[in-house]
Amino acid sequence: MACCVLQITGLIFGGVGMVGTLAATAMPQWRVSAYVDGNIVVFETIWEGLWMDCISQLGIRLQCKLYDSVLALPPPLEAFRALMCLAAGLAVVAFLAAIAGVKYSRRGTRGPGAVSIFILAAGTAFLLTGTLVLIPVSWTGASIIRDFYDPEVPVPLKRELGAALYVGWGSAALLLAAGAMYCHCWCQAGTAAGPSYPRLARAGLPREEGPALGVHAYV
């Protein structure tokens, strides 16, 4: 019963984490323009994402432009693109494996055969996906904070943490939690079975009934 609850909870967490990973990959709000010069009225807000730059004017008009050349992008951005795309694809595969694992697991039975091998595959994939999402999101957040407090960086170039980073962190946490649940369910099913072979009797061979035969010498 507890394993079944873990499977359903992990499926929900994994599904939400998968949607969040796809959203964080597509959202342009990775870097948001910071206003630290004391201006109260701000006319434009700049968003920088993995695929495009956007300018919002007074929250009414939004203009977005895709990056012109892939080769002209900085190497960290290209690596973040690859990691997030890989994480998005792996999240979909992990979610499908989780659905298959929940479907083909046997209810009311114990042992390794009670839990489908898809559970272990989904748990491993969810853990790997959460790690892949965590790397570019945390790296970007650390660079934004470092540049924000660096006095040598000009004020117009300073950025703040965007909404996509928070979505990425939340998705990574849900994916790691789902992976931990599925791996725990698999390990729990393996240890609950115990040894499958019969115990060997420690007693000796049965004794033969009747008079004991002895060896006598006859003259």
Checklist entry - Calculated FRET efficiency, Tyr149 and Trp51, Cβ-Cβ r, R0 30 Å, to nearest 0.05? => result 0.60
Checklist outcome for this item: The percentage of the accessible area of the range 18-101 (probe 1.4 Å, all protein chains present) made up of carbon and sulfur atoms, to the nearest whole number, is 70
Item to check | Förster radius 45 Å - calculated FRET efficiency between Ser69 and Cys187, Cβ distance, rounded to 0.05 | outcome: 0.40
Item to check | Percent breakdown of C-alpha pair distances by 5 Å bin, ordered from the shortest bin, for the range 64-181 | outcome: 2, 11, 15, 16, 15, 12, 9, 7, 5, 3, 3, 1, 1
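The values are calculated or read from the model by the stated rules, or taken from the named source; none is laboratory data. Predicted model, so just to flag it, every value in this text is computed and none were measured. FYI the Cβ positions are ideal-geometry reconstructions off the backbone, even for glycines, and counts take in every protein chain you see. The area values use the complete protein model at the heavy-atom level, side chains included, leaving out ligands, DNA and RNA. Shrake-Rupley method; radii C 1.70, N 1.55, O 1.52, S 1.80 Å.
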